[in-house]
Amino acid sequence: MVVVCADILSDGARETVDMIRAAGGSAEAATVDVTEPASASELAALLKKRFGRCDVLVNNAAMFMGNKRSTGMTVEIEYWRRMFRVNLDGPLIMTQALAPLMIENGWGRIVNQASTAAYMYSGDPYGVSKGAVITLTLGLSVELAPKGVTVNAIAPGPIPTEALLSVVDEARLDGLKQATPVSRLGTTADLIHGLRYLVSENAGWITGQTLVIDGGWAKRY
């Protein structure tokens with residue numbers, strides 16, 4: 001298996017490739033803008049030429065770093081549009097480009113990155129965009145299931161990544177931990193375990209679902 005790390009930032013893609021290779025895996029980097037259909041199509045052509053197939057698509061690109069907290073009544077419309085262009089248009093554009101390669105082989109797994117922010121009902125554009133990703137996942141799952149392709153989503157809870165730490169201070173981070181029934185914040189490993197299941201053969205009869213991985217945080221929020 002070869003993992004192709006597609007990122008609009010070439011340095012970020014190469015960094016991920018280095019991590020995978022250091023762990024003994026095989027990976028290559030590609031520069032892709034998920035908001036541009038032409039860029040997604042170029043990636044599809046590259047995969048077709050080099051590997052002849054695409055088995056798994058993880059739509060993980062998102063606009064979150066430095067997220068400006070706002071509500072539906074206060075958000076600047078241009079900021080709203082940028083958020084949706086990456087967080088919602090991106091998964092659709094990438095799926096439109098790469099799902100045909102899966103359909104050719106009669107097998108595929110697509111996993112979209114949602115968020116427990118979708119269940120907070122705050123009107124914040126990030127949470128609203130992730131709610132839309134959940135609905136997009138449902139629609140695509142119905143369309144692609146007869147062609148052998150499953151489409152699911154993962155909704156992470158609070159995980160102290162660089163992105164979260166850019167918008168949450170230590171006091172708030174401790175509050176998130178206290179509000180989590182499992183009494184700890186999540187880790188990227190928690191997400192990877194769920195992802196590996198959803199892209200496996202064992203998950204062939206699971207589609208249109210959003211797997212919430214949050215230590216129970218969203219239920220208590």
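Compute the long axis of helix 10-22 from its Cα atoms, compare it with the longest principal axis of the Cα atoms of the chain, and write down the angle in degrees, 0 to 90, nearest 10.
80 degrees
Can you tell me the convex hull volume per residue for the stretch 96-177, based on C-alpha atoms, in Å³ to the nearest whole number?
Output value, Cα hull per residue: 112 Å³.
Given the chain, what whole percent of its Cα pairs are spread farther than 30 Å? Please report the intermediate quantities before stating the final value.
Working: 5454 of 24310 pairs.
That tail contains 22 percent of the Cα-Cα pairs.
Can you tell me what percent of all Cα-Cα pairs in the stretch 1-127 are more than 20 Å apart?
Working: 3982 of 8001 pairs.
Within the stretch 1-127, distances greater than 20 Å cover 50 percent of Cα pairs.
Using 1/(1 + (r/R0)^6) with R0 = 41 angstrom and r between the beta carbons of Asp55 and Val182, what's the FRET efficiency to the nearest 0.05?
Values: r = 32 Å, r/R0 = 0.79.
It comes to 0.80.
What does the charge count around Val75 come to, taking other residues whose C-beta lies under 13 Å from its C-beta (Lys +1, Arg +1, Asp -1, Glu -1)? Walk me through the intermediate numbers first.
On the way: positive: Lys68, Arg69, Arg81, Arg82; negative: Glu76, Glu78, Asp124.
In short, +1.
Please state, rounded to one decimal and in Å, the Kirkwood hydrodynamic radius that the stretch 1-75 gives when every pair of distinct Cα atoms enters the mean of 1/r.
On the way: mean 1/r = 0.0710 Å⁻¹.
Result for the stretch 1-75, one decimal place: 14.1 Å.
Every read-out reported here was derived from the displayed coordinates using simple, explicitly stated rules and does not represent laboratory data. In this text, all values refer to a predicted model and were calculated from it rather than measured experimentally. Glycine gets a Cβ as well: all are built from the backbone with ideal geometry, and neighbour counts include every protein chain shown.
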